[in-house]
Amino acid sequence: MESFLLAVSVVLPLIVYMAAGGIIRKLDILSEENFKAMNRMIFRIFIPLALFFSIYKANLKAAMQPELFIFAVVSVLIAFGITWRIIMRCVKDRRDAATMIQGIYRSNFVLFGTTIGLAMCGDDGMAAIAALSAIIVPMFNILAVILFESIRGGEMKLKETLINIFKNPLVDAGILGIVVNLSGFRIPELFYEPLSTLGDIATPLALVTLGGMLSLGSMVSHRKCLIAVVLGRLVIIPGFVMALAIALGFRNENLVAVLAIFGSPTAVASAPMAQAMGGNGGLAGEIVAVTSLCCIVTIFLFVFGLSNMGFVV
């Protein structure tokens, strides 16, 4: 019963927030364009603030565990490489292929990781997630730039690639958070409270926006692509990685951090990046919406299973 209640406590907020967005859209309080504008605002302001403060508040030195970091980084690279190889062989349209590859390997680690970590492990879970986000989030963005530059046939110019990477607000927020944290500098309370509060609303606001952006649209014509991404992003990759993590002895907050990386839906930021870099922006948005909806079931099952089997106490 406790395992069931824990799983419900993790998933229920996702349902409530996304349902609120759907109701707002249904009542015509906000239009699709309004939600898209909100999404850009969240991507550029609120999520970077949330990432910065999660790293700023974390005890990075205590949370720095080499074995967990190595496992996470290697697993992301392997997932990226295998996905690239399989999708490029199976999907003819290179724009669709690149968009699907990004949709499978790149998770909404910051947004959903925060929700999962706090619900399951409290501050201990957040410390591990914050420390990992400082590496994993920039890594996701670097791989995405490399992916789209390669797929669209552009010449890989190191200078332009680095500029594109460091233009990303999540990369900048992660690096700034690490620098400020390790420097020992303390943000004055006068600024800390309002800025951290803005970061705190990132998760509910982003989920409400996702709920408002859910639409059947062209999902029917893309159903095969969407099914493949959902299975890869939410079932196959997290299933294999979680099994390996358990076999290697990861437990509690470390295992929750792994689940946050590999069990979360596709990153919200993947849609604007796909649009800007020659991918299929429409398909990317559908992938974000569908994986965000389906993860309600898969995250529930993962949380319930891990708790019920005693891997997360």
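Some observations on this one:
- From the coordinates shown, semi-axes √(5λ) of the Cα gyration tensor in Å corresponds to which of [x] 26, 23, 22; [y] 50, 21, 16; [z] 33, 22, 19: [x]
- Exposure proxy order (Cβ contacts within 10 Å, fewest to most) of Ile227, Ile146, Ile287: Ile227, Ile146, Ile287
- Estimated FRET transfer efficiency when R0 is 35 angstrom, pair Val16-Leu190 (beta carbons, to 0.05): 0.60
- By the beta-carbon count within 10 Å of each Cβ, the least crowded to most crowded order of Tyr105, Tyr17, Tyr56, Tyr192, fewest first, is Tyr192, Tyr17, Tyr56, Tyr105.
- For the chain, hydrophobic long helices are taken as DSSP H runs at least 18 Å long by C-alpha position along their axis with mean Kyte-Doolittle hydropathy of 0.5 or more; these are 2-26, 66-90, 109-151, 169-183, 281-308.
- Pairs of Lys residues in the range 2-308 are counted when their Cα atoms are under 22 angstrom apart and they lie 8 or more places apart or on different chains; the count is 5.
- Arranged from fewest to most other beta-carbon atoms within 10 Å of their beta carbon, Cys294, Cys90 become Cys90, Cys294.
- Overall form of the range 208-313 per C-alpha gyration tensor (a/c, 1.5; a/b vs b/c): prolate
- Glu160 paired with Ser31, simple spin-label distance in nm, labels 7 Å along Cα-to-beta-carbon: 3.5
Any read-out appearing in this document is the output of simple, stated calculations on the displayed coordinates, not a laboratory observation. Everything numeric here is computed off the predicted structure, so don't read it as measured data. Neighbour counts are summed over all protein chains in view; Cβ atoms, including those assigned to glycine, are modelled from backbone coordinates with ideal geometry.
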